[in-house]
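Student: Once you've had a glance at the structure underneath, I'll fire off some questions.
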């Protein structure tokens, strides 16, 4: 403070002008604990040191943070921002009383101290290098305080008896124990954190009465005019000392508005300051500060200021505009003090100057929206007062493009499927509607750009698919309509028929033709009724396919059927067909020939046997007749002529 008074006396010397850039005052220093002064373990704590400094120039500041009257951190900075000191994941060791001191060019001020209380400690963890040992051998144990910081005392216990204590500046202690008693020992540990700020409170001392008397001098602030003040008016502000006498040494005067230093003076040179009023707020406060040694006395006056005109507002008409479409920007101040300013004196302009819009009246600017985003502000000005509106960002909407209509999966007759509609261009939100012919289906669906809309439908005829369209609109002049939906429709497989050609005859080739109705490609399977494994599986782009059996034989006789399905995943099965393999014609002919040959042979054998039998009979009778005539057998000459000529029949012999 002595340095401040010395500096002030030099600056305010009556022999020359005052250098206001090097004059300043530390108005206040406060320390706050966030989120609160009492927290649980692991809370992130911030100590905020806030210094209010009255000055014209940006001064270098030195911050010093104390814990229990010991400096724990210091920092030099020229920033006006609050100084922050972080205690991440606070621990019990952070308990204490904290305060902050700010020093600027020899002048310093200290905040009140604030107490931080952190509760909660992590449970200790005990480790032993072995669980069994013998007499005379030691066991090493380690006690750990996870995550804790500070100065520690560790206590080790055997059952309930303390056997060792250890001081450490780290969060763990390791010792070797020699246990002499045979049997089980229950070892555990605890720890304590030593905190300097914790102490025993003494009794109260005796009482000493100290009386503080007020100084006879005080600052005095005058403002003229006091009432009926408008923006642009000139103010005269005087800051002086009442009750001054030569016995008071080292006095200093400062005039400020908030943290803005307006002027400086001393006991012999009162401050008189002239300024033009700006209505930065409905009321303006000014301070006349008197500094005598370590005492600061303040006289504060507040005045009300009426705006000449309010901060202008910039709006666009229409509220939404599309690229290259007409638009109008309107800049207006809602309140104007007509008793002080005419509307003709209030002018409006746009910023930037290259705004591509044409003035069309007071505060009205017309033109076409650009294709890209553009920022506008407007400025209202009268009697040297300029006020700027907030920034209006115009992001022209992109007209919606013709939407595309599609399906996600193959539509199947009689089953529900989804139709999607989406525009590749256009600012959101976009309203999509679906149509079947001239009939709208449901209500419009609102989507953001890049998101498709969809509905679920069912059709029962292939021709219905081309009736679907969709429309898109994002508030533009015209809505866009898609082309008609054009996609293949899958008709489920129906009417399976199994046809067999030609007639099943041994040795021939046989074709089992499976035909269906439905949308190709079709997967066909042929089965024999008594077998689970298909004889053949094939996929065809037509509605029929065949299974060929070469070289038929009787073993192929049996019941057959076919199955078919397509992308509708609905499998159908034909009726059973009974196949009976017949004998080949050549086999029939061969069997007939063989039978005829055998019959012929049998007939020939029968004839031969018959003729042989007759011949034997004739020879017998001839021999009988020869013996009667002449007693000589076999003599033909002795027979009558008519008898000798017999050859095919016999005459009974007579004796």
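The values are calculated or read from the model by the stated rules, or taken from the named source; none is laboratory data. A quick note: this is a predicted structure, and the numbers were derived from the prediction, not measured. Cβ placement follows ideal geometry from the backbone for every residue including glycine, while neighbour counts extend to all protein chains displayed.
Student: Just one of 317, 349, 333 is free of Cβ contacts under 8 Å to residues at least 60 places away in the same chain, in contact with a strand residue (DSSP E or B) (Cβ under 7 Å, 6 or more places away or on another chain) and within 30 Å of residue 428 (Cα to Cα); which is it?
Tutor: That would be 317, the only listed residue that is free of Cβ contacts under 8 Å to residues at least 60 places away in the same chain, in contact with a strand residue (DSSP E or B) (Cβ under 7 Å, 6 or more places away or on another chain) and within 30 Å of residue 428 (Cα to Cα).
Student: Let me ask something additional. If you scan region 118-149, which residues turn out to be in a loop (DSSP other than H, G, I, E, B) and either surrounded by 12 or more Cβ atoms within 10 Å (Cβ to Cβ) or in contact with a strand residue (DSSP E or B) (Cβ under 7 Å, 6 or more places away or on another chain) (or both)?
Tutor: Hits for region 118-149 are 120, 121, 122, 124, 129, 130, 133, 145, 146, 147, 148, 149.
Each row is one residue, and each column tells you yes or no for (1) over 43 Å from the mean Cα position of the chain (by Cα); (2) on the phi > 0 side of the Ramachandran plot; (3) without any contact (Cβ under 8 Å) to a residue 12 or more places away in the chain; (4) not assigned by TED's automatic domain parsing to the domain that holds residue 111.
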site	(1), (2), (3), (4)
39	no, no, no, no
49	no, no, no, no
53	yes, no, no, no
56	yes, no, no, no
71	yes, no, yes, no
75	no, no, no, no
78	no, no, no, no
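Student: Out of everything in region 150-196 that is surrounded by 15 or more Cβ atoms within 10 Å (Cβ to Cβ) and at pLDDT below 85, what residue ends up being farthest from residue 87 (Cα to Cα)?
Tutor: 179
Student: Another one. Inside region 223-288, counting only strands (runs of 3 or more DSSP E) that do not spill past its ends, which hold 3 or more residues that are loosely packed, with under 12 Cβ neighbours inside 10 Å and in the same structural domain as residue 302 (by TED's automatic domain parsing)?
Tutor: none
Student: Would it be correct to say that residue 304 is in contact with a helix residue (DSSP H, G or I) (Cβ under 7 Å, 6 or more places away or on another chain), touching a residue at least 40 places away in the same chain (Cβ under 8 Å), more than 16 Å from residue 242 (Cβ to Cβ) and part of a strand (DSSP E or B)?
Tutor: no
Student: Further question on the same structure: Within region 85-99, does at least one residue satisfy the condition of being free of Cβ contacts under 8 Å to residues at least 40 places away in the same chain and touching a strand residue (DSSP E or B) at 6+ places or on another chain (Cβ under 7 Å)?
Tutor: yes
Student: Now a separate question. Enumerate the strands (runs of 3 or more DSSP E) found wholly within region 46-117, keeping only those where 1 or more residues are touching a helix residue (DSSP H, G or I) at 6+ places or on another chain (Cβ under 6 Å) and under 12 Å from residue 26 (Cβ atoms).
Tutor: 107-110
Student: Okay, next question. Of the residues in region 372-389, how many are over 45 Å from the mean Cα position of the chain (by Cα), loosely packed, with under 14 Cβ neighbours inside 10 Å and not in a strand (DSSP E or B)?
Tutor: Final tally of qualifying residues: 1.
Student: Could you list, in sequence order, the residues of region 475-486 that are at pLDDT 90 or above and over 16 Å from residue 410 (Cβ atoms)?
Tutor: Hits for region 475-486 are 480, 481, 482, 483, 484.
Student: Restricting attention to region 109-140, which residues are at pLDDT 90 or above and more than 46 Å from the chain's Cα centre (by Cα)?
Tutor: 109, 110, 111, 112, 113
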